[in-house]
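Working notes, beginning with the structure itself.
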Amino acid sequence: MTRARALLGCIADDFTGATDLANNLVRAGMRVVQAMGVPTAPLDTEADAIVVALKSRTIPKEEAITQSLAALQWLQAQGAEQIYFKYCSTFDSTAEGNIGPVTDALMQALGTDFTIATPAFPDNKRTVFKGYLFVGDVLLSESGMQNHPLTPMTDPNLVRVLQAQTPSRVGLIDHSVVAQGEAAIRARIDQLKAEGVRMAVVDAVSNADLLRLGPALKGMPLVTAGSGVAIGLPGNFGVAPCNEAARLPAAQGLQAIVSGSCSVATNQQVMDFIKAGK
């Protein structure tokens, strides 16, 4: 049996976001395997990154922590060199979590004293500036997310949102630093760590920002983010974009496409699919 060469181990708090993450990693050149739930056996295929998809976003935080730590343990057994905790690009959570509590638990398990946090995903019009999350041209709190039935997001200031969920001190790496690139970002991280900060929200308004951020995260045991940061990480492992990463074995037999969303965008995609006679 061939053991996986897992460079990056990812824990996603929902299935659709896990797929977004896997797609970004493949686009950046990584061979990716996505698992629904924590596997019960070792991976038996070659992969650069493994994404474990959980449904932990809105369950009780104790359960979210338990599931996330189980995923971490399995990923470590596959040899993952860096762990990526993926959450929604709208930072979906309540005043209690689960982003903060899961991050704290993963940090403790990994023995690390610092990580970053940014849901920025410019391709999906999610950007962070001065710590504030924008959805398109409006603040998160004006985007409709303030009316979400499970995780109403009424505060667009991510430093405040995350600080309410964790006893760890939360800081900010703002755009003036990110725009200067890797050395400036690393220097800011060192400064924040000296001040006792354990988590730092990072600004990003474009893919160029995420690509500048990526090299500064090399060697960081834990990265927490939306799907966007994934585009800047493969290069840290010497992986470059290539068509081969997206190659899949030919499908045989019956096929089905399952949609797990009833959003306006998804419904339009379904209608376009039907009109195309697929």
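Here are some notes:
- Counted residues, segment 176-195 - those being out of contact with any Lys or Arg (no Cβ under 6 Å at 6 or more places or on another chain), in a loop (DSSP other than H, G, I, E, B) and not acidic (Asp, Glu): 2
- Subset tally (residues that are open to solvent by less than 10 Å² (accessible area, probe 1.4 Å) and more than 15 Å from the chain's Cα centre (by Cα)) for segment 204-218: 2
- Of all the residues in segment 34-47, those that are open to solvent by less than 40 Å² (accessible area, probe 1.4 Å) and modelled with pLDDT of 95 or more number 3.
- Residue within segment 245-260 that is without any contact (Cβ under 8 Å) to a residue 24 or more places away in the chain and either in contact with a strand residue (DSSP E or B) (Cβ under 9 Å, 6 or more places away or on another chain) or assigned to a helix (DSSP H, G or I) (or both) present: no
- Note on segment 151-175: among residues that are assigned to a helix (DSSP H, G or I) and more than 18 Å from the chain's Cα centre (by Cα), the one that is nearest to Arg186 (Cα to Cα) is His175.
- Filter result for Asn124 (open to solvent by 40 Å² or more (accessible area, probe 1.4 Å), touching a Gly at 6+ places or on another chain (Cβ under 9 Å), among the polar types (S, T, N, Q) and within 19 Å of Asp203 (Cα to Cα)): yes
- Residue match in segment 136-155 (condition: over 30 Å from Trp74 (Cα atoms), of a type in the set (D, E, K, R) and crowded, with 20+ Cβ neighbours inside 10 Å): no
- Note on segment 1-104: no enclosed strands (runs of 3 or more DSSP E) hold 3 or more residues that are of a type in the set (D, E, K, R) and within 16 Å of the chain's Cα centre (by Cα).
- Selection from segment 164-194 of residues that are open to solvent by 70 Å² or more (accessible area, probe 1.4 Å) and under 15 Å from Ile116 (Cβ atoms): Arg169, Glu182, Arg186, Asp190, Gln191, Lys193
- Residue, farthest from Leu7 (Cα to Cα), within segment 63-82, restricted to residues that are open to solvent by less than 60 Å² (accessible area, probe 1.4 Å), among the small types (Gly, Ala, Ser) and without any contact (Cβ under 8 Å) to a residue 60 or more places away in the chain: Ala64
- Among the residues of segment 135-162, those that are under 23 Å from Val177 (Cβ atoms) and touching a residue at least 60 places away in the same chain (Cβ under 8 Å) comprise Leu158, Val161, Leu162.
- Candidates Pro119, Pro60, Pro39, Pro101: the one that is within 18 Å of Gln165 (Cβ to Cβ) and free of Cβ contacts under 8 Å to residues at least 40 places away in the same chain is Pro60.
- Restricting segment 219-237 to residues that are in a loop (DSSP other than H, G, I, E, B) and either open to solvent by less than 10 Å² (accessible area, probe 1.4 Å) or at pLDDT below 95 (or both), the residue that is nearest to Val201 (Cα to Cα) is Gly226.
- Only a single criterion out of (1) open to solvent by 10 Å² or more (accessible area, probe 1.4 Å); (2) out of contact with any helix residue (DSSP H, G or I) (no Cβ under 8 Å at 6 or more places or on another chain); (3) of a type outside the set (S, T, N, Q); (4) under 22 Å from Cys10 (Cα atoms) is not satisfied by Cys88, namely (2).
- Condition met for Ser141 (within 21 Å of Asp174 (Cβ to Cβ), in contact with a Pro (Cβ under 8 Å, 6 or more places away or on another chain) and in a helix (DSSP H, G or I)): yes
The values are calculated or read from the model by the stated rules, or taken from the named source; none is laboratory data. All values derive from a computational prediction rather than experimental measurement. Glycine gets a Cβ as well: all are built from the backbone with ideal geometry, and neighbour counts include every protein chain shown. Ligands, DNA and RNA are stripped out before the accessible areas are found, and what is left, the full protein with its side chains, is counted by its heavy atoms. Shrake-Rupley method; radii C 1.70, N 1.55, O 1.52, S 1.80 Å.
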